[in-house]
Structure formats: structure tokens, C-alpha cells
1. Within the range 225-235, how many residues are surrounded by fewer than 19 Cβ atoms within 10 Å (Cβ to Cβ) and assigned to a helix (DSSP H, G or I)?
2. Any residue at all in the range 279-302 that's of a type in the set (Ser, Thr, Tyr) and touching a Lys or Arg at 6+ places or on another chain (Cβ under 6 Å)?
3. Where residues in the range 295-325 are within 27 Å of the chain's Cα centre (by Cα) and over 27 Å from residue 59 (Cα atoms), which of them is most open to solvent (accessible area, probe 1.4 Å)?
4. Going through the range 283-294 one residue at a time, which ones are touching a residue at least 60 places away in the same chain (Cβ under 8 Å), open to solvent by less than 10 Å² (accessible area, probe 1.4 Å) and within 22 Å of residue 103 (Cα to Cα)?
5. Would you confirm whether any residue within the range 346-353 is more than 20 Å from residue 397 (Cβ to Cβ) and open to solvent by less than 30 Å² (accessible area, probe 1.4 Å)?
6. Given the structure, is residue 362 touching a Gly at 6+ places or on another chain (Cβ under 8 Å), modelled with pLDDT under 90, closer than 16 Å to residue 121 by Cα and open to solvent by less than 30 Å² (accessible area, probe 1.4 Å)?
7. Within the range 277-295, how many residues are in contact with a strand residue (DSSP E or B) (Cβ under 9 Å, 6 or more places away or on another chain), of a type outside the set (Val, Ile, Thr) and either within 14 Å of residue 145 (Cβ to Cβ) or at pLDDT 80 or above (or both)?
8. Considering each of 260, 210 in turn, give the residue that is surrounded by 15 or more Cβ atoms within 10 Å (Cβ to Cβ), out of contact with any helix residue (DSSP H, G or I) (no Cβ under 9 Å at 6 or more places or on another chain) and either part of a loop (DSSP other than H, G, I, E, B) or modelled with pLDDT under 85 (or both).
Amino acid sequence: MVRTMGFLICVIGLILLSEPSHVGAEEKKGVADEADKIAANRAQQTLTVTTILQPPFTMAKDNELEGYCVELMYDLAKKLGFSFTLSVVKDGRYGAMDPAGNWTGMIGEVVRKEADLAMAPLTITAARERVIDFTKPFMATGISILLKKDSTAQDSFLFLFLRPFSAETWIGVLVAYFVTCLCLYVVARLSPCEWMAPPTEEKKFTFLNSLWFGAGALTLQGAEPHPKSPSARIIAVIWWVFTVIVVAAYIASFAAMLKSGNEETPSSIQSFEDLANQRAIEYGTIEGSSTYHFFKNSKIPSYRRIYEFMERRREHVMVKTASEGMERAKDSNYAFIGESVMQDLFVAKDCSLMRVPEVVGARGYGIAASLGSPWTETLSMAILEMAETGHLEYLREKWWGGSCAKESIPGYSPLQPQTLGGLFLILSIGLALAVIVSLVELALKARTTAEEQKKPCCSAFTEEIGRRFRSREEENPENPEKVQP
């Protein structure tokens, strides 16, 4: 009896223990079935997507649409398993609220549920978020200024010829020039070959003549007097080598600067502050765009001045599309304020345009859906996964390539002293060697003099140095005009 009861208890326990796993399996199966149903519903559903013609996001070619947004939409559909139809917005606008409180453009079509999604370079703003939902941004952008290169330099840059070398390099070259001339003057005084030359002014290496000789070599021109001693000739040769390399480096750097593209174009407009403070160039943006509302709602003084100017000149400076703004900037004295992403494309395609370095109002482009749409979160997750795998960057590189970006010389900078560091080192060694050789020459001359006059060599050496660096009056005591009565 006891054994029978124990057996029944074990059986009941096994049944109870196995039931949760059975229930868990049932739950997992139910979740999988639900996911399959959702996927099946997506496959059966055809979404209506609206877009706007804006290269390279969306472009019409042979009655078909292509571009960054079109390719991204196909990738999302393949990843999530749905189909869609793509059409261009009827009124050709991105979307803004009209005086009657109704939304225009793609935003209006999504609000009125004429379209399920809006796939375009649509900026995520607070005003739009109140009436529609946005996915996570698929591209980051900002606001910048696009204008023609020629219109940025109102006055010629007078000292453009100094830009191939940095300020430190110019200082190094000048210091090397003066030190070399000073060494040449000292060596010419110490060397018996130079000192024994006839003391006429045109043949003596005075300090002024040394400066003239150094300047002549620096300009690759010969200059008198010519050195005769070995020590002075060492300085002349090493200075000639130095000047030839420096001049060649300057010419190469100057040529690279002239070919370097828009980054090196001297510009009077480098920021929005510069744009607001000038009156020579008109500027505007897309009417009713998020860029326009950014300046309208800003409290920064320079941004307010930009908005007030655009508002006063609304009929003359506002444009309907970014392409129209680009054409005006290219053909007239006009600066287009817009999305930096689009301006980078225009600069890559047209070498006559440039974008100023400053970018403000960081923002992102997102896919718009109606409020409460179940697709918002699903598309956001897919976009994040594409960003993590580098697919979005791949699409950006594919559709933003341009001839100007490939032909320009990126990263030009003035020649720095460390680039010519070895040349300065060789010059220093040459000068030191020349001074040592001149001292040896003078020591040999002093030794000969000491033997003739029967005096110590050190005394003769000191007298020789003193004779070479004393003043002219002390050097010629026999001059009757200088003799005291």
C-alpha cells in the first residue's frame, strides 16, 4: 500500500513538473505564430509613399525614380518584407502650415492620410512632430551658407604670396639669412686670405656687403664681393644650397595652394555673423522651410538680423527648391542658406561653388508617418541596424560622389618649419664648419707670425684677432687727420 502511494505521488510530481515546460513551449509557439502573422500582414500590405524630386535623394530618370531615398526605401522593404508604391508630392513642397492652419506638401499628404509614409530629406522639427510621427534620423545635417567663390573675395588679398609658408617658417628663413650673413662677415675678418685682400670698400666683406651677398644668393642672383678664402666659400656654397631648396619649396607650395580648391579661397564670409554684417551679397532660403523657421524663432542677434533681411526682401530672396537656390548662387551675387548635406552635393558637382565652414542648427532627416502608425517603430529599428552595419554610409558615398571632390587637393596647409628641419640643420653644420676652418687659418697665420717675431703663439693669435676687429681709427693710427697734437 505504501509503495502504491509513493508511486502515485511520483507520477503526479512528474506531470506537474512537465506542465510548465509544455506551457512555455505553447507560449513560444504562440509568439512565433504571431510574428508570422505580422510578417504575412506586412507582405500583403502595400504602403503608399510620397516623396519630392530633390537630387540625389530622389531623381526622375526614364519615367522611373532613383536616388538615395529610393534605394533606401527598397532596402527597408526588402528587410521588413513589405511592398510600396512611390509617387511625387503633388504641390512640390516639403510641408508647412498655411495661414488657414492646413499643412501643405508631403506633411499635408501624410496628415490627410493620402500617403502612409513620406520618404525624403524631411527635417525633423517640433512643429511637424505635433501632427505626424518621425522615425529615427537616417541622415544628420545642419544649416550652412552656399555661395560662389568669386563673390567671397570683395577685395584682393594683398599678402596671398606669403601663405605658402607659415609664419614660423618665414621667421626661420629670416633668422637663417641674418645668422649666415653675420657668420660670413666674421669668417671674412678671421681668414687671412680675405683680410689680406686690398682694403677697398667694394672688395671687403663688411656687414652690409655680407647682407648684399646673402640677398643675392637668396634671389638666385650673383652678388659681389666674391669670397676667396676656403672658410668663406664653405658658407657661400652651403647658403646657395639652402636658398635653392627654399625657393623650390616655396614655388611648389604656392602652386599647390592655387590648385587647392575652395578651402583656400580667401573669403570675406566665413560665418553667419559675417553674412549678417555685410550688404554686398543678398541671401535667402527655401520659403516656409525648417531653415526659415530656425532663423524666425532664434533669439541670437545675428540670426534675427538674417531673418529680418529675408522677411523684408521675401519676394526677391526666397526660393522654392534647393536647386533653385544653388542656381541663383552660381549665376548671381547671392548666398543660399540651406541644409549642409545638399550644399556638399552642389560643391562636389560644381567647382565654382563653395560652402562656408560654419554649420549651425544640427538636425536630422527622418521618414514621416501618420500619428500612431505601427510602422514608425519598425522602420526606426531597421534604420538603426543599417547605421550600425555601415549601410547608410555606403549609400551616402554612392550618391554624393563628384568630380570636384576627387580633383581637389584636400588638407592643404602652409609649409611648416619641421618640413625644412633637415635643411636648417645642414646650414648650421656648414656655418660651424666655416668658423672652425677660419680659426684654423688664423691660427696658422699667427704661428708663422710668432716664429718671425719670436713671441708666443697665443700672444700672436690674440693680436691677430684684435687687429681684425678693432675700429678703423685704431687700425690706421698713422692717419694725420686722426693724430692728436
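1. Counting residues in the range 225-235 that are surrounded by fewer than 19 Cβ atoms within 10 Å (Cβ to Cβ) and assigned to a helix (DSSP H, G or I) gives 2.
2. no
3. 300
4. 291
5. Scanning the range 346-353, I find at least one residue that is more than 20 Å from residue 397 (Cβ to Cβ) and open to solvent by less than 30 Å² (accessible area, probe 1.4 Å), so the answer is yes.
6. Taking the combined requirement at face value, the residue does not satisfy it.
7. Number satisfying all stated conditions: 9.
8. Only one candidate passes the filter, namely 260.
The values are calculated or read from the model by the stated rules, or taken from the named source; none is laboratory data. No experiment lies behind these values; they were computed from the predicted model shown. Positions of Cβ are backbone-derived with ideal geometry, glycine not excepted, and every protein chain shown enters the neighbour counts. Surface accessibility is based on the protein's heavy atoms, side chains included, excluding ligands, DNA and RNA. Shrake-Rupley method; radii C 1.70, N 1.55, O 1.52, S 1.80 Å.
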